[in-house]
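Here is the structure we will look at.
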Amino acid sequence: MATENIDSWETEISIDVQGYTFPAMQKAVRDAAITFCEKTHLWTDDLDRITVVANTPDYDLSLSMPAAIPHGEIIGIDDVKYKQDGMADKQFVTLDPISENQMDLHDSGSWKWRTSSTPAKYYADKTHTILYLKNTPTLGSANGLLVRAILRPAKDATVLEQFLYAQHYKAIADGAKGFLLGQSAQPWFNAQLAVMFGGAFSMAISEAKIQKVDRGTKRKMSVRMREWV
């Protein structure tokens with residue numbers, strides 16, 4: 001998966017921010033990219049396929065992170081597909097998301113322990129890294145679970161996904177400038193410019209959210225309930 005060095009934003013940042021340190025610039029770009037991905041959910045990727053084990057409802061998604069994206073962290077689930085053991089890929093079906101809290105409120109207390117031959121729904125824990133299948137499948141399926149995760153850059157990342165550079169270069173730069181210029185204890189502080197670039201960054205995030213919807217995503221930004229059983 002193509003990546004771009006964080007340093008690639010330095011030329012743009014140096015136009016409007018003077019006297020910054022290199023580590024401060026790196027952190028500002030990384031923080032802007034993290035915020036951008038957290039608020040837009042534009043960075044999604046398929047995890048390595050997961051084998052469903054009979055009578056096992058929970059799966060650690062962090063163990064399925066592709067080796068090619070060590071610079072990313074899971075912050076949500078965009079899509080989950082399941083197929084029965086031995087079926088071709090064209091037999092994948094999309095599982096519906098449910099909310100654990102809403103199920104506890106509106107269903108009987110035994111809903112977590114119900115079983116069926118195959119699952120129809122899923123939910124995640126608060127970290128979004130543990131996926132739970134509902135109902136718990138009584139049959140296994142080799143490589144039968146395909147999860148597309150929502151990602152953000154890791155807190156120690158030195159590279160970012162290339163699409164952030166190719167398609168959102170200015171947004172990330174504006175965000176980094178706003179973060180740097182808003183550091184009141186530093187010699188490069190400029191409150192007026194910080195507000196200006198911060199506003200441009202917020203506007204770019206809003207436009208990117210519209211892009212996410214327009215390109216046909218099936219999921220809203222938060223989990224929605226569809227049915228209780």
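The values are calculated or read from the model by the stated rules, or taken from the named source; none is laboratory data. Worth saying up front: this structure is predicted, and the values here are computed from it rather than measured. Every residue, glycine among them, receives a Cβ derived from its backbone with ideal geometry; neighbour counts consider all protein chains shown.
Here are the numbers for this structure:
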item: Matching residues, segment 21-69, being of a type in the set (V, I, T) and assigned to a loop (DSSP other than H, G, I, E, B); result: T21, V53, T56, I69
item: Test: residue in segment 146-160 that is over 18 Å from the mean Cα position of the chain (by Cα) and either modelled with pLDDT under 95 or of a type outside the set (S, T, N, Q) (or both); result: no
item: Qualifying residue in segment 77-93 (condition: part of a helix (DSSP H, G or I), assigned by TED's automatic domain parsing to the domain that holds P137, under 19 Å from K121 (Cβ atoms) and touching a residue at least 40 places away in the same chain (Cβ under 8 Å)); result: no
item: Residue pairs meeting the criteria (Cβ under 7 Å; at least 6 apart or on separate chains; first over 21 Å from M196 (Cβ atoms) and modelled with pLDDT of 95 or more, in segment 13-31; second surrounded by 17 or more Cβ atoms within 10 Å (Cβ to Cβ) and aliphatic (A, V, I, L, M)); result: Q26/I6; R30/I6; R30/A157
item: Residues of segment 145-169 classified as among the basic types (K, R) and farther than 13 Å from A33 by Cβ, total; result: 1
item: Odd one out for D104, checked against (1) among the acidic types (D, E); (2) over 30 Å from A194 (Cβ atoms); (3) part of a strand (DSSP E or B); result: (3)
item: Matching residues in segment 137-180 - criterion: being acidic (D, E) and free of Cβ contacts under 8 Å to residues at least 12 places away in the same chain; result: D156
item: Among (1) surrounded by 17 or more Cβ atoms within 10 Å (Cβ to Cβ); (2) of a type outside the set (D, E, K, R); (3) more than 29 Å from A24 (Cα to Cα), the one test that I172 misses; result: (3)
